[in-house]
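The values are calculated or read from the model by the stated rules, or taken from the named source; none is laboratory data. Worth saying up front: this structure is predicted, and the values here are computed from it rather than measured. When we count neighbours, we look across all protein chains shown, and the Cβ atoms used for this are built from the backbone with ideal geometry, even at glycine.
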Amino acid sequence: MGLDDDREYVDYVTARLPRLHRAAYLLCGDGHRADDVVQATMTSLYRHWRRARAADNLDAYVHRMLMRHFLDERRHSWSKVLLGHAAPERAAPDQPAFEADNLYTTLRNLPRGQREVLVLRFLCDLSVEDTAAALRCSTGNVKSQTSRGLEAMRRLLTSDGSRSLT
């Protein structure tokens with residue numbers, strides 16, 4: 001890549017990195033695993049930058065890459081060695097720790113499809129169409145998973161005595 005391509009890539013990654021890390025953390029619940037997923041995504045993005053930046057929606061393209069790396073990491077996690085205890089969960093910088101813990105705990109109790117859709121839709125601010133593109137499913141599937149996921153989160157949050165979602 002040329003200097004302009006490198007600069008464009010660095011600018012894009014610098015602007016999106018905190019949100020990508022937050023999405024990865026909410027998907028896997030472990031800061032170190034989230035770092036690995038984001039690192040693999042950024043490496044792939046760098047290798048395919050010219051093709052990626054020509055995409056109609058670069059953010060959806062990158063989120064699809066992130067999801068693929070997350071799923072690949074989960075598939076191959078049986079072959080990894082766990083060295084010590086899980087890293088402490090950390091809150092996103094703009095959220096108090098107790099809210100982030102409550103959110104992650106609730107998300108962890110949802111089925112994988114609902115969790116993925118809610119993270120992409122509401123925490124990564126993707127549209128229904130972009131979420132469908134990232135997950136390679138229909139917009140109807142995104143809408144139904146969103147509805148079911150929000151209803152399940154409402155039930156879980158109100159049953160724990162926490163505040164309810166509106």
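Points worth noting:
- For residue 157, the conditions (1) surrounded by 14 or more Cβ atoms within 10 Å (Cβ to Cβ); (2) modelled with pLDDT under 85; (3) under 17 Å from the mean Cα position of the chain (by Cα); (4) not in a loop (DSSP other than H, G, I, E, B) are fulfilled apart from (3).
Conditions (1) hydrophobic (A, V, I, L, M, F, W, C); (2) in contact (Cβ under 8 Å) with a residue 40 or more places away in the chain; (3) surrounded by fewer than 18 Cβ atoms within 10 Å (Cβ to Cβ), marked per residue:
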| residue | (1), (2), (3) |
| --- | --- |
| 9 | no, yes, no |
| 14 | no, no, yes |
| 48 | no, no, yes |
| 53 | no, yes, yes |
| 63 | no, yes, no |
| 68 | no, no, yes |
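- Answer residue from the stretch 29-46, given it is modelled with pLDDT under 90 and either surrounded by fewer than 18 Cβ atoms within 10 Å (Cβ to Cβ) or not assigned by TED's automatic domain parsing to the domain that holds residue 68 (or both) and is nearest to residue 125 (Cα to Cα) among those: 29
- Condition met for residue 74 (modelled with pLDDT of 85 or more, in a helix (DSSP H, G or I) and within 18 Å of the chain's Cα centre (by Cα)): no
- Residue under evaluation residue 24, criteria (1) surrounded by 14 or more Cβ atoms within 10 Å (Cβ to Cβ); (2) outside any helix (DSSP H, G or I), criterion not met: (2)
- Remark: residue 62 matches the filter, which requires a residue to be among the β-branched types (Val, Ile, Thr), at pLDDT 85 or above, within 29 Å of residue 7 (Cβ to Cβ) and in a helix (DSSP H, G or I).
- Residue that is farthest from the chain's Cα centre (by Cα), among those in the stretch 27-59 that are of a type in the set (Asp, Glu) and in a loop (DSSP other than H, G, I, E, B): 56
- Here residue 130 meets the list (1) at pLDDT below 85; (2) under 20 Å from residue 41 (Cα atoms) almost entirely, failing just condition (1).
- Within this structure, residue 2 fails the test of being at pLDDT below 90 and on the phi > 0 side of the Ramachandran plot.
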